[in-house]
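Below is one structure; the comments refer to it alone.
None of the figures in this text is laboratory data; all of them are computed from the coordinates on show. If you're wondering where the values come from, they're calculated on a predicted model, not measured in any experiment.
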Amino acid sequence: MSRFDDKVTRTVEQLRLGALDGYSSRRPIAVLATPRRAFELLFFEQMQLDPRDLEVVAESADRIVWESRNRCPLQEACATAGLDTRTVCRRVNERATQAFCSRLDPQLRFHRSYTEIRPHADVCR
């Protein structure tokens, strides 16, 4: 079994127990909190994702939009548990991601497209 498969198995168990709190850690973060920096901290430093799996499709000084193509343990756990990612991601990942962003800057806001979310679309946006 791969490390990713282990992560999916743990995520399924956390979903069953209702204990999944996302990827945000509780340690304080002191950085320049731009949308780009929050994106980099969350996905590359915190979650250690491959930059090739996250394509930035729009960016300005106060906004960044990306499309995720990475293998997602939550998506695979939802498939295993028969749950809809639109519901689970809203309750789990969106809340955890917003908490992470708020620790960087209380003004930062995270929004996910629930029409462009896997497996209902090719990417998560």
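Each residue of the stretch 35-51 was assigned a 3J(HN,Hα) from its phi angle through the Karplus curve 6.51 cos²θ - 1.76 cosθ + 1.60 (θ = phi - 60°); the sequence is x, 4, 5, 4, 4, 5, 4, 5, 7, 9, 8, 6, 8, 6, 7, 7, x Hz, with glycine and proline shown as x.
Report the extension gain between Ser102 and Val56 in nm, rounded to one decimal, defined as 0.36 nm multiplied by the number of residues separating them, less their alpha carbon distance. Provide the component values of the computation, followed by the final result.
Details: separation 46, 0.36 × 46 = 16.56 nm, distance 2.11 nm.
Here the segment from Ser102 to Val56 would lengthen by 14.4 nm.
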